[in-house]
Every structure is written in C-alpha cells, then in structure tokens.
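Read through the structure below, which is laid out as structure tokens, and then see the notes.
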Amino acid sequence: MSKVRKIVAFTFSCVGLVLAGWLGFHLAGIIAMILFAPLGALGGLVLGCMRLVDILELVGSLIR
C-alpha cells in the first residue's frame with residue numbers, strides 16, 4: 001500500500017472510531033460506546049482500504 005493509501009485508511013479508521021463511539025454513547029450510553037467504537041474503526045479501515053471505484057459501486061448498489 002502506498003503512503004497516501006495508508007494515510008487515507010488511518011484517517012477513515014479514526015473518523016469511524018470517533019463517530020461510532022459518539023453515536024453509541026448518545027444512543028445507549030457507555031456500554032454501547034464500548035461496543036460500537038471498535039466496529040466503527042473496523043468499518044472505517046475497510047472503507048479506507050477500498051478503491052474509489054469500489055466505494056462508488058457499493059453506494060450505487062445501496063441506493064437502488
């Protein structure tokens with residue numbers, strides 16, 4: 001993986017971690033935050049490792 005791809009994957013992983021933790025905390029408290037934060041980080045990492053074309057295909061299939 002190139003340096004740029006690593007930076008993008010790291011950024012998406014951090015954003016997923018923060019957003020999932022924040023959303024879990026506001027929905028159901030500290031226990032949900034502990035559950036959702038790693039899942040958000042994993043989702044952000046997977047999204048960051050995908051190519052842009054794959055992400056657009058995924059979004060297009062979800063919209064249909």
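Which whole-number percent gives the relative contact order of the chain, counting Cα pairs below 8 Å spaced six or more residues apart?
38
Highest first, please rank the peptides 3-13, 39-49 by the mean number of other Cβ atoms sitting within 10 Å of their residues.
Answer by packing, highest mean first, reads 39-49, 3-13.
Keeping every protein chain present and rolling a 1.4 Å probe, give me the accessible area per residue for the chain in Å².
77
Along each of the three principal axes of the Cα atoms of the chain, give the extent in whole Å, ordering the values from largest to smallest.
Here the Cα extents, ordered largest to smallest, are 36, 34, 12 Å.
Calculate what fraction, in whole %, of the accessible area of the stretch 8-64 sits on carbon and sulfur atoms when a 1.4 Å probe is rolled over the protein chains.
The computed percentage sits at 82.
Using 0.36 nm times the number of residues separating ILE7 and LEU19, minus their current alpha carbon distance, what extension gain do you get?
Working it through step by step, the gained length comes to 2.5 nm.
The values are calculated or read from the model by the stated rules, or taken from the named source; none is laboratory data. None of the values given here were measured: they were computed from a predicted structure. Positions of Cβ are backbone-derived with ideal geometry, glycine not excepted, and every protein chain shown enters the neighbour counts. Quick note on the areas: whole protein, heavy atoms, side chains included, nothing else; ligands and nucleic acids left out. Shrake-Rupley method; radii C 1.70, N 1.55, O 1.52, S 1.80 Å.
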